[in-house]
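Here is the structure we will look at, set down as structure tokens.
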Amino acid sequence: CTKDFQEINTDPESSTTIQPAYVFTKAQYDGAKNNLILLLGTMQYTTSFNDVAGFGSKYVSSQSQQSMAQFSNAYYQEINELALVINAVKNDPEQVNLLASARIWRAYCFSRITDLYGDIPYTEAAQGYTNSNYKPAYDPQRSIYLDMLKELDESASGLNAAKATFGQADLIYAGNTVKWKKFAYSLMLRLGMRLTKVDAALAETWVKKAIAGGVITDDADIAKINYMSAGQDINKNPIALSLYNSDYIKADGNSNPEGGKYQNTFITYMKNNKDPRLGILSVVYVNGVADTSMAIQKGMPATLSAKPTDFVTYSEPNQKTVLALGGAKLIYTTAETNFLLAEAVLRGWYTGGTATTLYESGIRAAMKQWAIIAPSDGIISDLQINTYIKYHPLNTTGTFDAQMQQIYTEYWLAAFPDAQEAFASYRRTGYPTLVPVNYVGNATGGRIFRRMLYPLSEQNLNRASLDAAIARQGADDFMTRIWWDKL
Amino acid sequence: RNVAHVNGIKAQSLSDNKLSLKTALQLIKTRFDIKIAYKAGILENKDSNLTETQLMAFGDAKTALTFALNGSSLDFNKISESQYIIINTQAGNAADVIKGTIFSASDNLPLIGATVYIKGTKTGASTDAQGQFSITIPNELAGKPITLSIASVGYETLEFPVNDFKTPISIKLKESASSLNDVVVTALGIKRDSKALGYAVTEVKGSEFTQARENNVANALTGKIAGVNATGLSTGPGGSSRVIIRGNGSFNGNNQPLYVVNGMPIDNSVPGGAATTNGLATNVDRGDGISSINPDDIESITVLKGGTAAALYGSRASNGVILITTKKGVKQKGIGVEYNTTFTIENAINDNDYQYEYGQGLGGVKPMTKNDAIATGRLSFGAKIDGSDYVAADGLTHPYSAVKDNIKNFYSTGTNFTNTIAFSGGTDGIIYRLSLSDLDSKGIISSTRFKRQTANLNINAKITDKIKVEGLAQYNLEKGFGRTLAGDALGNPNWTPYEVANTVDVRWLAPGYDAAGNQTPWNDAGIATNGYFVINKYQQNDVKNRFIGQGSITYDIVKNFQLKGVISRDFYNYNYVNILPTGDIYIPKGQYSGIKSDVSETNSLITGNYKNRIADKIGISILGGANSRRFENKQLNMDGNTFTIPFFYSYKNLATSSTIPTYQRIRTNSVFGSADVDYKSILFLTYTARNDWFSTLSPDNNSILYQSVGGSFVVSDAFKLPSSIDILRVRASWAEVGGGAADPYRINLSYSNVPSSGQPLQNVTTNDITNPNLKPYTSTTYEAGVELKMFKGRLGLDFTAYSRKTTDDILNAAISSTSGYNNAVLNVGELSNKGIEFLLTGTPVQGNKFGWNISYNVAYNKSEVLKLVEGTTTFEMARTVGNWGYINQTVGSAYGTIVGTRMLRNEAGQIVYNSTTKRPVATGLQELGNGVAPLTMGLTQDFRFGNFNLNFLIDGKFGNKVLSIKEVYATRLGLLKSTLPGRENGLTISGVDQAGNPYSALIPVSDLRAYYNDMRNYSELFVHDGSFIKLRQAILSYNIPVKKLDFLKIQSASISFVARNILTFYKKTDNFDPESSFTNGNAQGFESIGLPRTRTFGLNLMVKF
């Protein structure tokens, strides 16, 4: 009487076999939407008068849990998806490119998590199904970094243009193995450079290796995902969608449910420096119409605790560029390569160009990238760019620090809206120089976060592993420094 | 002494000292202290065939009489334990024998063991297994008018004048109000004498649900039955119930009992699932399956609490069974008509104990502009309330005065109007009952409405003497409008009246929208929707078409052997649409959620039943059967956002939309059997066995055989006890129940497409780790009890102790998401529930004019989590909005522990402060209390004075804790009295710092709001004792003396004044009702700003024609 039970207990709406390409596409979308939006406030691009939405810029202690989902979601989304893909293709020599792309993307995804939290489950992560490991151990960040760099190295060399690829299922490069290789070495450059504070020698090794391998220097090679302005939410630019839904959907400058605006630090800086990006990124609503005139742009202070009467007069993201749901999300840019290489020159690790040319190329690429994001509304002319560069030359006679400040202040402008990467760069270099907000009831003693808190659920579900990580790394506190951020 | 062996009797030749029959009967009378009646002369010249020695060896009167009369033409009838009558079996002509059958009026089933006397004589008989009796009329009464007096325990004694001696008579006995519940409906609808049962059973009459009625009949079980923990939810009309019998037996599977109507299970699911503790948008209680049952159709509800009781229903009965027997027709001339109407009104109860010293505002300042008023719409950190002018969120100037009754201002009066008309009738061959019912409820939120129309038809027909058929059809049309959202703030209208600043009259925020249809803001958080906007613009409609059909055929193949086949199908189709409208502040372009589902539960059952008595001493009943259960749920979830044409709410008008199909199928096949044996109706034994095959389990492990044994010993029949004792019996049982996984597709990993507008996407179907080795869980119950009835039923005691253990529970265990999954489906864990139940019934006063009945029940259940996943001591079941509290299962603790943070204290008890933040340091997660009340009780009293009847029910629950989200917010917003310190000159905090040095700091008035806002980080502040005692129900009814109104042809009529949730005598929660739950899921222990509890008053009229 049980002969048809197996059929009855098989879900007719789901498939018993995996399509690695489809899962990989999902993992790309999920990895690309792993953005801790609150860091836009921390990096002083945006703020809100409201405590809850303004947590990133005000560090209000009662909102400490806001960063927690970021951690949890990453594991059961992109990390697990990539584990599924890797398990499905790893034993087939014909699928080396699929394996390599998945490993490179996994290194990127893991770096996003570990840079926020420090020690995280890495080696044992996403083995719930395969190994019944429900309580993965946390790996020290140092070994995570070493392994990510090794992964990038191995994957880059494993790519083979003669073998099959993910093709169109690969949203970033449509299966182009040459570009994947550049992306791998570019990530190696980024991650290698992260180590300058904690282990300069190690940093140098990897930076040199990355440069030798060939990094992204042409906009045609940048790692990005193109999105759609209509359709399912997963197909829309995740940062734009998040901002749009939380605050800017009405596009009238006033009825922002979460009270969001640009922060004065960001707008004032661009305004004072006559940055041509200001009119591309920012608008003020005048009688309900978006106005990009530089003169009326104004950022909101992060110190407010209630909606100001002049709320409508503050700048907010431009619907046509920053908030364009169909705009591309840039994962790794030529601007970043140029700024990192400029630093490498300053450190004497690279001689393929001068700091000045690399710095200027960085600015140029950073301005040009808005036309990649928003082809018709993000165009900044060469004249505007050249004028800006002319008035912002790299002070090559200045100290190392002075030049680093220039480079990484420009990188802060270039990274927007990827606040998570800006946050990492800020912690490593100390630039841009940001004045912390000292808001009542803040959790950090009026200092800028150094990391995010582990989810409370880990106390409940993975206590021993978590305790071991805390014992190694320091208290689970916003001000505890992660390994590569150690002074 | 040499005692002759009974078997040897017949072999013996007549000896010289054989006794005459007359002498033998004299000896039996003396020996057993009984009375024996006989017609003068019938004993003459008859011998007993027994010697004195033989006679004296018999253990009881019945056996002695049987042997004494053996071989004679005489027989005897037992009239009572101490009275027998000798009858002449050959005394032939019909004229002096009265024959007939006694039925129970309520269900038309034969009454076994009823006594029938000729009035004024000792002549009588008791009815047999077919309810039949036969009385020989004594000679001296021949030709005289005869009246029969018929009595049976639990029924009203009836006097019946006999006019026609030739035709067998048929008499129906009405059940008496003070029923001793001697006959109860047990598993598979079998009626059994309660003294035969090895487990505790409680029956509640349908009439207890129809006067002071609850829309959901399960809610009306509150306080009525020991060990049954029933809770109505604060979700408005049409909402669900949560009923837990003897504690929660499963960690996160279904813990509610199986509902069975006339012997067949019905579906009790909530379409789209139960509301969660922190959900948004569609997080609403859409009503459960039991809420479809019309109380007027219920004849009785029997609660089978133990595992033995449930063994025959299989795994889903491991949480107990609630058997509902519906009313049937009665054979009568013409058509009987019953009409019942109830109209009640309900009003919100204001539980707020807020502060009214400082009004709206921030930093000690009251708002003077509309903008400031909106910014501080929920903040009461303003100036001292002084009656001066200020500007509120509506932009108008109002007095700065306390507004204490925003609950009354915001909520309307709810109404419930129910009308039921039932027709019944029948002939010898066929009886029927048809009822039509209409329920129309308006909630206390004025847009909430729930309508339920029910038609219920029951037909019983006798095709031949041997074949009977029964059919039941129920059709429900249920419509819900504007059900109230639960959990988080978005679209939850209750947040507005509960959180609005204390100087604002909530009505100033009406109608909640402007001329363009957009929401008007009232506070700084867009997610806290204006309650009036919710009432006026949010839309939520659902329609459920439900059909419950049952057909059965019973075939008496040979004497004592019966075959029965039943097919039942419970089917509903459900359509739900939830519109979050254009113009909402938080989601300005709107959102759409729809559920369409077709759910069916089909059961096919066949049973064979053999009954016999051997040598009049041993009763045997054997039952065997097979059942097949099919469950299907075909569901479409249609979700989307952004209405491209504003204010036009169509799925086709969505910019982004997706339709996700779900198709669940479950099959369970079973064979089962039971054997009942009794020895002289004194000692009873029952054995059951069942084997289930579950489609939801691993093919290697999908079968389980489980058994139960129960026994009952009627001490009062076995031994001679003081005459004040009616019944004393002890019972005990052991039962095992095995169960499968509640959900299908938990065996193999599968992959599903993810909606995408671009490249196709795929992922694992769920983030639950499937388990290819999933095997059945078992639940084992031991129980023992004593039942005592004294003083002719005027005092009753019933005591039960039980122990129930669940092993290998099928757990959807939360695991660290770093494993790549959020849950794992595991066969783990052990859960124990031990408890006692006590029932006391009494009739202190029993007079013609005045009567007083009392029933008191109390139950204590101690649950303990014994084992979880290997190496784990705790797992999470649910969390609140904002993660301020969790419900965990922790080894060594009770089921469902509330977990949260406390303020860190040093050994001296001083608070440890973080000197940087000026806030107490929060501890890690700690246990804060148990979310489920271990101690429950109920007291019902019934006073009768002439035609007036006054009934009231007091019930209480004790020993649980509740974490109040309302208090979290009321603290953050400055509404609670605990936020008063420091309002004038700032708050000085003192304790120690993290280094252990004395620490003190001043929180200035300007920072008070932030300080109290941060109190949310210490969950302990909001956890309170959930104990309460309530006056749950009162009914004052008047039986209209219809005899005086003969011309109306009314058989009976009564009118009642009814009230529910009248008073709370005792509670420990200052700001909320301890029963404020908003989900019938397993995570209990959170209050989360649901609808306020309501007090209900009304009238009920019942007329029978």
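Inspect all residues belonging to the stretch B:768-778 and state whether any of them is buried (at least 19 other Cβ atoms within 10 Å of the Cβ) and facing another protein chain (nearest Cβ under 8 Å). Within the stretch B:768-778, one or more residues are buried (at least 19 other Cβ atoms within 10 Å of the Cβ) and facing another protein chain (nearest Cβ under 8 Å). Has the stretch B:550-563 got at least one residue that is touching a residue at least 24 places away in the same chain (Cβ under 8 Å), among the small types (Gly, Ala, Ser) and in a strand (DSSP E or B)? Checked against the condition, which is being touching a residue at least 24 places away in the same chain (Cβ under 8 Å), among the small types (Gly, Ala, Ser) and in a strand (DSSP E or B), the stretch B:550-563 yields at least one hit. Looking across the stretch B:947-967, just one residue is open to solvent by 40 Å² or more (accessible area, probe 1.4 Å), part of a loop (DSSP other than H, G, I, E, B) and closer than 17 Å to B:Lys1067 by Cβ, and that is B:Gly959. Tallying residues that are open to solvent by less than 30 Å² (accessible area, probe 1.4 Å) and away from every other protein chain (no Cβ under 13 Å) within the stretch A:101-134 yields 11. Selection of strands (runs of 3 or more DSSP E) fully inside the stretch A:248-319 by the criterion of at least 3 residues being over 24 Å from the mean Cα position of the chain (by Cα) and under 24 Å from B:Lys370 (Cα atoms) returns A:282-286.
Scanning the stretch A:204-242 for residues being open to solvent by less than 30 Å² (accessible area, probe 1.4 Å) and either modelled with pLDDT of 95 or more or among the basic types (Lys, Arg) (or both) gives a total of 17.
Within the stretch B:811-819, is there a residue that is open to solvent by 30 Å² or more (accessible area, probe 1.4 Å), in a loop (DSSP other than H, G, I, E, B) and within 9 Å of chain A (Cβ to nearest Cβ)? No, the conditions are met nowhere in the stretch B:811-819. Scanning the stretch A:379-391 for residues that are under 26 Å from the mean Cα position of the chain (by Cα) and part of a loop (DSSP other than H, G, I, E, B), which turns out surrounded by the most Cβ atoms within 10 Å (Cβ to Cβ)? Checking each candidate, the answer is A:Ile380. I'd like to know if the stretch B:873-883 contains one or more residues that are more than 13 Å from chain A (Cβ to nearest Cβ), touching a Phe, Trp or Tyr at 6+ places or on another chain (Cβ under 6 Å) and under 23 Å from B:Asp1025 (Cα atoms). No - not one qualifying residue is present in the stretch B:873-883. Scan the stretch A:392-422 for residues that are surrounded by fewer than 17 Cβ atoms within 10 Å (Cβ to Cβ) and either under 30 Å from A:Cys109 (Cβ atoms) or among the hydroxyl-bearing types (Ser, Thr, Tyr) (or both) and jot them down. Within the stretch A:392-422, A:Thr396, A:Thr397, A:Thr399 meet the criteria.
Looking only at the stretch A:40-56, decide whether some residue is more than 10 Å from chain B (Cβ to nearest Cβ) and surrounded by fewer than 24 Cβ atoms within 10 Å (Cβ to Cβ). Looking through the stretch A:40-56, at least one residue is more than 10 Å from chain B (Cβ to nearest Cβ) and surrounded by fewer than 24 Cβ atoms within 10 Å (Cβ to Cβ).
For the stretch B:671-704, the tally of residues that are open to solvent by less than 20 Å² (accessible area, probe 1.4 Å), within 9 Å of chain A (Cβ to nearest Cβ) and in a strand (DSSP E or B) stands at 1. Count of the stretch B:413-445 residues, restricted to those that are under 30 Å from B:Gln355 (Cβ atoms) and surrounded by fewer than 17 Cβ atoms within 10 Å (Cβ to Cβ), is 1. Take the residues of the stretch B:639-670 that are among the charged types (D, E, K, R) and assigned to a strand (DSSP E or B): which is farthest from the other protein chains (Cβ to nearest Cβ)? Going through the qualifying residues, I end up with B:Asp639.
Screening A:Ala164 against (1) closer than 27 Å to A:Ala335 by Cβ; (2) touching a residue at least 40 places away in the same chain (Cβ under 8 Å); (3) not hydroxyl-bearing (Ser, Thr, Tyr) leaves a single unmet condition, (1).
Residues considered: A:Asn35, A:Asn87, A:Asn91. Of these, the only one that is open to solvent by 10 Å² or more (accessible area, probe 1.4 Å) and in a helix (DSSP H, G or I) is A:Asn87. Checked against the criterion of being more than 27 Å from B:Ala489 (Cβ to Cβ), at pLDDT 90 or above, β-branched (Val, Ile, Thr) and within 33 Å of the chain's Cα centre (by Cα), the candidates B:Ile606, B:Ile595, B:Ile645, B:Ile579 yield just one match: B:Ile606.
Residues in the stretch A:135-172 that are in contact with a Gly (Cβ under 7 Å, 6 or more places away or on another chain) and either surrounded by fewer than 18 Cβ atoms within 10 Å (Cβ to Cβ) or over 20 Å from A:Thr114 (Cα atoms) (or both): A:Ala156, A:Thr165, A:Phe166, A:Gly167. Among the conditions (1) facing another protein chain (nearest Cβ under 9 Å); (2) buried (at least 23 other Cβ atoms within 10 Å of the Cβ); (3) in a helix (DSSP H, G or I); (4) touching a residue at least 60 places away in the same chain (Cβ under 8 Å), the only one that A:Ser62 does not satisfy is (2). Scanning the stretch B:1016-1036 for residues being open to solvent by 10 Å² or more (accessible area, probe 1.4 Å) and either within 10 Å of chain A (Cβ to nearest Cβ) or among the aromatic types (Phe, Trp, Tyr) (or both) gives a total of 1. Filtered by the rule that a residue be buried (at least 24 other Cβ atoms within 10 Å of the Cβ) and either in a strand (DSSP E or B) or in contact with a strand residue (DSSP E or B) (Cβ under 9 Å, 6 or more places away or on another chain) (or both), the stretch B:367-389 gives B:Pro367, B:Ala373, B:Ala375, B:Thr376, B:Leu379, B:Ser380, B:Phe381, B:Gly382. Residues of the stretch B:705-748 being β-branched (Val, Ile, Thr) and not in a loop (DSSP other than H, G, I, E, B), which ones? Once the filter is applied, which keeps residues that are β-branched (Val, Ile, Thr) and not in a loop (DSSP other than H, G, I, E, B), the stretch B:705-748 yields B:Val709, B:Val714, B:Val715, B:Ile725, B:Ile727, B:Val730, B:Val737.
Taken together, the criteria exclude B:Val869 from residues that are more than 9 Å from every other protein chain (Cβ to nearest Cβ) and closer than 30 Å to B:Tyr782 by Cα.
Among the residues of the stretch A:351-358, is any among the aliphatic types (A, V, I, L, M), out of contact with any strand residue (DSSP E or B) (no Cβ under 6 Å at 6 or more places or on another chain) and in contact (Cβ under 8 Å) with a residue 12 or more places away in the chain? Yes, there is a match, as at least one residue in the stretch A:351-358 is among the aliphatic types (A, V, I, L, M), out of contact with any strand residue (DSSP E or B) (no Cβ under 6 Å at 6 or more places or on another chain) and in contact (Cβ under 8 Å) with a residue 12 or more places away in the chain. So, in the stretch A:455-476, of the ones that are more than 10 Å from chain B (Cβ to nearest Cβ) and part of a loop (DSSP other than H, G, I, E, B), which residue ends up nearest to A:Arg142 (Cα to Cα)? Going through the qualifying residues, I end up with A:Gly474.
Of all the criteria given as (1) buried (at least 17 other Cβ atoms within 10 Å of the Cβ); (2) under 27 Å from A:Glu13 (Cα atoms); (3) within 14 Å of chain A (Cβ to nearest Cβ), the one not satisfied by B:Leu636 is (1).
If you filter the stretch A:243-264 down to residues that are surrounded by 23 or more Cβ atoms within 10 Å (Cβ to Cβ) and among the hydroxyl-bearing types (Ser, Thr, Tyr), you find that the one that is nearest to the other protein chains (Cβ to nearest Cβ) is A:Tyr248.
The values are calculated or read from the model by the stated rules, or taken from the named source; none is laboratory data. Model, not experiment: these values are computed from the prediction. As a convention, Cβ positions derive from the backbone with ideal geometry for all residues, glycine included, and neighbour counts pool all protein chains shown. Quick note on the areas: whole protein, heavy atoms, side chains included, nothing else; ligands and nucleic acids left out. Shrake-Rupley method; radii C 1.70, N 1.55, O 1.52, S 1.80 Å.
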